[in-house]
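Asks: Please see the structure below; I have some questions.
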Amino acid sequence: MSHFKKLGLSIAIAASLVAFSAPSFSGEALEVGKIGVTAKIQGLERVTQTLVAPPFLPKHDQVAKGGPQIIEMTMDIVEKEMEISPGVFVQAMTFEGSNPGPMIVAHVGDYVELTLKNPKTNTMVHNIDFHAATGALGGGGLTNVAPGQQVILRFKATKAGVFVYHCAPGGVMIPYHVVSGMNGAIMILPRDGLKDEKGNLVTYDKAYYIGEQDWYVPQDKEGKFKRYDAPVMAMGDTMEVMKTLTPTHITFNGKVGALTGENSMTAKVGETVLFLHSQANRDTRIHLIGGHGDLVWRGGSFNDAPATNLETWAIAGDEAAAATYTFKQPGLYAYVNHNLIEAIMFGAAAHVSVEGEWNNDLMEQVQKPGPIQ
């Protein structure tokens with residue numbers, strides 16, 4: 001690496017450190033609080049959650065068994081080049097190497113304990129802001145880690161719903177890290193499970209997590225997408241594209257076509273599927289072509305009665321939402337951002353492949369295409 005590149009990396013690390021500082025606390029207050037919390041949670045069962053790459057969720061109970069637990073997991077921060085469309089590469093910043101980062105699952109009353117590691121091979125300072133957490137900056141001020149460091153954060157899950165988490169190192173680094181892929185979601189289930197609009201228990205046969213990402217890839221004078229050696233090298237040009245507020249690509253789960261073809265989500269007729277969808281930066285609206293949102297928890301809030309029978313559901317930028325649908329017909333369903341320009345031309349589309357017997361009562365081709373009579 002050249003002297004210039006080393007200097008650039010050093011400046012980026014220093015800038016991200018200076019851009020954000022953790023809130024200060026009195027040492028005495030911290031010690032008293034720590035003693036109280038330790039006494040409170042001492043004896044709680046510890047459960048290690050093995051995180052998995054989206055669209056899948058870690059193993060979990062839909063209805064909590066027993067009392068609150070400490071749900072512990074480890075995340076590595078991975079800076080890496082990703083191909084988001086054929087021949088189009090980005091210098092991505094990720095949790096666990098995927099965009100979106102893995103879904104975390106807990107129940108209300110549980111404690112989420114995350115060990116966040118920033119390997120020394122990385123080039124930038126990172127942290128994590130949990131929208132599910134209670135406390136200033138969502139834990140962001142307590143989790144700043146430079147390359148070669150790790151930190152452990154624990155927070156109590158007090159709100160039921162599905163929430164975004166993302167990196168937020170401060171200043172312009174916040175949007176740069178978010179639109180470079182560094183975001184994910186956490187689902188906090190009610191201890192007694194999900195409820196429909198009448199308060200009845202709702203269960204699901206499968207659950208999928210779809211993370212929608214807007215990318216801002218610089219182009220040269222000929223319109224060819226540029227390629228860089230590290231996030232800090234891409235930063236200046238990328239921020240110029242970001243200022244236009246116009247993404248060059250919009251993906252589901254990190255790549256155009258990531259959830260189509262052999263990677264399509266799957267279901268069977270009669271199965272109820274829970275779709276969890278996040279967008280950490282831009283507004284979106286989701287439509288299941290050929291199906292509906294039987295139950296839709298707007299804003300991801302499980303404490304509120306879900307809306308029913310929606311054709312499309314809006315998700316505000318920097319939030320997540322949840323929806324269920326029970327499939328009634330086999331076939332290939334398109335799951336899309338129903339700004340169809342963004343779905344078809346930018347890449348915000350996925351498929352659900354459903355197996356089962358066709359029901360002519362629900363839909364039938366009465367006559368095949370033929371000459372006009």
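Asks: Looking only at the chain, where both bridge partners belong to it, what percent of the DSSP beta bridges are antiparallel (to the nearest 5)?
Replies: About 70 percent, rounded to the nearest 5.
Asks: Over what distance in Å are the Cα centres of region 186-228 and region 293-310 separated?
Replies: Distance between centres, Cα-based: 15 Å.
Asks: For region 41-74, which trypsin sites (Lys or Arg not before Pro) are both in a DSSP coil and crowded by at most 10 other Cβ atoms within 10 Å?
Replies: K59, K65
Asks: In what order do Y333, Y165 fall by count of nearby beta-carbon atoms within 10 Å, going from fewest to most?
Replies: Numbers: Y333 21, Y165 29.
Starting with the residue having the fewest Cβ neighbours, the order is Y333, Y165.
Asks: Another one. Return the whole-Å distance between the Cα centroid of region 246-276 and the Cα centroid of region 91-123.
Replies: Centre-to-centre distance over Cα atoms comes out at 21 Å.
Asks: Sticking with this structure for a sec: Using a Cα-Cα cut-off of under 20 Å, which lysines could be cross-linked to K224, ignoring same-chain neighbours fewer than 8 residues away?
Replies: Within reach: K243, K255.
Asks: So what's the net charge close to Q219: Lys and Arg +1, Asp and Glu -1, counting the other residues with Cβ under 14 Å from its Cβ?
Replies: Overall, the nearby charge balance is 0.
Asks: Same structure, new question: Would you mind ranking D318, D192 by Cβ crowding within 10 Å, fewest neighbours first?
Replies: Final ranking by Cβ density, sparse to dense: D192, D318.
Asks: Where does the charge balance sit around V178 when Lys and Arg score +1, Asp and Glu -1, over other residues with C-beta under 11 Å from its C-beta?
Replies: Taking every other residue near V178 into account, the sum is -2.
Asks: Give the lysines reachable from K159 as a straight Cα distance under 24 Å; neighbours fewer than 8 places away on the same chain don't count.
Replies: K34, K40, K59, K65, K195, K198, K206
Asks: Running a GNM on the chain with Cα contacts under 10 Å, which residue among V108, V47, V78 ends up with the highest mean-square fluctuation?
Replies: V47
Asks: Under a Cβ-Cβ cut-off of 15 Å, what is the net charge of the residues other than F95 that fall near it, where Lys and Arg count +1 and Asp and Glu count -1?
Replies: -2
Asks: Please work out whether region 209-253 counts as rounded, prolate or oblate from its C-alpha gyration tensor, where a ≥ b ≥ c are the square roots of the eigenvalues and a/c under 1.5 means rounded, while otherwise a/b larger than b/c means prolate and anything else oblate?
Replies: Prolate, because a/c is 1.5 or more and a/b exceeds b/c.
FYI, it's all coordinate maths here, none of it is from the lab. From a predicted model like this one, the values you see are computed outputs, not experimental measurements. Heads up, the Cβs are rebuilt from the backbone with ideal geometry, glycines too, and the neighbour counts pull from every protein chain shown.
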